[in-house]
Amino acid sequence: MHQHCVFQLLNNWETSAANKQGRLAATDIVRKKLTTIPAVPYRGVQGTTVCGLFGLTVATTGVNEKMLQHCSDIEYEKVYLHPSNHVGYYPGAKPIHIKLLYDARDGKVLGAQALGESGVARRIDVLASFIQMGGTVYDLEEAELC
């Protein structure tokens with residue numbers, strides 16, 4: 001079972017992982033020629049992706065609920081959010097639908113998926129940064145973003 005989970009986690013993000021690994025390999029090749037360049041560790045991938053589909057944008061970062069259910073012993077919570085793509089007093093605001101997954105013990109952001117007409121990639125980019133930095137939902141609460 002664990003081997004299957006590791007396979008799934010590693011193989012769902014081929015493009016993102018291949019891109020990052022390619023850059024690291026190129027840096028390593030150059031580093032061997034120019035010893036002044038420090039080694040860059042491979043820290044893995046989050047699988048942050050965005051795609052346009054039928055006039056909507058769908059994006060994801062981190063783990064999804066299925067991965068947490070089948071491949072983890074992390075106690076997690078989820079919250080569904082439906083903010084507008086921009087402030088409501090500015091005309092033309094459209095909803096963005098976000099599912100946010102976080103660790104129930106410490107609030108650490110684990111993953112998110114979003115769908116909407118616009119502004120989706122920007123929201124997922126912020127959440128991807130929080131995941132990479134080990135941020136929590138409590139940190140998100142205090143974040144000052146436009």
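The values are calculated or read from the model by the stated rules, or taken from the named source; none is laboratory data. What you see is a predicted model, and the numbers here were worked out from it, not measured in a lab. Reconstructed Cβ throughout: ideal geometry from the backbone, glycine too, with neighbour counts over all protein chains shown.
Taking segment 15-53 as the range and being of a type in the set (A, V, I, L, M, F, W, C), at pLDDT below 75 and not in a helix (DSSP H, G or I) as the test, the residues that pass are L34, I37, A39, V40. Of the strands (runs of 3 or more DSSP E) entirely within segment 54-131, those holding at least 3 residues that are closer than 23 Å to E142 by Cα and without any contact (Cβ under 8 Å) to a residue 40 or more places away in the chain occupy 76-81, 96-103. Across segment 1-14, the qualifying residues are those that are under 22 Å from T49 (Cα atoms) and in a helix (DSSP H, G or I), and the one among them that is modelled with the highest pLDDT is E14. Restricting segment 127-145 to residues that are exposed (fewer than 15 other Cβ atoms within 10 Å of the Cβ) and touching a helix residue (DSSP H, G or I) at 6+ places or on another chain (Cβ under 9 Å) leaves a set whose member that is farthest from S84 (Cα to Cα) is M133. Of the residues making up segment 120-134, just one is more than 15 Å from K99 (Cα to Cα) and among the aliphatic types (A, V, I, L, M), namely M133. Being more than 14 Å from T48 (Cα to Cα), crowded, with 16+ Cβ neighbours inside 10 Å and touching a Phe, Trp or Tyr at 6+ places or on another chain (Cβ under 9 Å) is a description that does not apply to L110.
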